[in-house]
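Heads up: the structure comes next, in structure tokens.
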Amino acid sequence: MTARYDWTINQGETSQLTVTRFGSDGVTPADFTGTFRGSAKNKYGGTEYLAIESSDVAISGGGDDHIITITLSATKTAAIPAGKYVYDLENLHSDSLTVTRVLEGTLYVKPEVTT
């Protein structure tokens, strides 16, 4: 099941989103393997304004590996026009056949005034 997290970022500022994910039973930590990819678009199927790469994602939590941290650099956030977007993050499992959407939500980008 995909977790929904709305995320507000300041344009031109480093931003992090940290989420703890559990399995369908709500108790067992989710175990992530493989790589990640994601994007933010102005609407479903619209123009992509942000590509979330595997290098932007860190997985932690000991042997369970169930804590996801996405870090967007100040350079990345400065390149996104202020506005409202939809985003998601997918886990491409190490078997290269399975893809699971692990996060989705609305991304709000507040404008930078001082440059």
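Before moving on, here are some points about what is shown:
- Strands (runs of 3 or more DSSP E) lying entirely in region 53-115 (those with 2 or more residues that are β-branched (Val, Ile, Thr), in contact with a helix residue (DSSP H, G or I) (Cβ under 7 Å, 6 or more places away or on another chain) and farther than 22 Å from PHE22 by Cβ): none
- Which numbered condition SER73 fails, given (1) crowded, with 18+ Cβ neighbours inside 10 Å; (2) without any contact (Cβ under 8 Å) to a residue 60 or more places away in the chain: (1)
- Matching residues, region 19-45, being within 27 Å of VAL113 (Cβ to Cβ) and either modelled with pLDDT of 90 or more or surrounded by 12 or more Cβ atoms within 10 Å (Cβ to Cβ) (or both): SER39, ALA40, LYS41, ASN42
- Scope region 15-42; condition touching a Lys or Arg at 6+ places or on another chain (Cβ under 9 Å), in a loop (DSSP other than H, G, I, E, B) and over 26 Å from SER96 (Cα atoms); matching residues: ASN42
- Some residue of region 61-68 being modelled with pLDDT under 95, surrounded by 14 or more Cβ atoms within 10 Å (Cβ to Cβ) and of a type in the set (Gly, Ala, Ser): yes
- Number of positions in region 82-115 that are under 18 Å from GLY45 (Cβ atoms) and of a type outside the set (Gly, Ala, Ser): 12
- Unmet requirement for TYR5, which otherwise passes all of (1) within 15 Å of the chain's Cα centre (by Cα); (2) touching a residue at least 60 places away in the same chain (Cβ under 8 Å); (3) crowded, with 19+ Cβ neighbours inside 10 Å: (3)
- Cβ pairs under 8 Å, 6+ apart, first in region 35-61 and over 14 Å from ASN91 (Cα atoms) and touching a residue at least 24 places away in the same chain (Cβ under 8 Å), second among the acidic types (Asp, Glu) and surrounded by fewer than 15 Cβ atoms within 10 Å (Cβ to Cβ): ALA40/GLU48; LYS41/GLU48
The values are calculated or read from the model by the stated rules, or taken from the named source; none is laboratory data. On a predicted model such as this, the values are computed, not experimentally measured, just so you know. Glycine also receives a Cβ, built like all others from the backbone with ideal geometry; neighbour counts cover every protein chain displayed.
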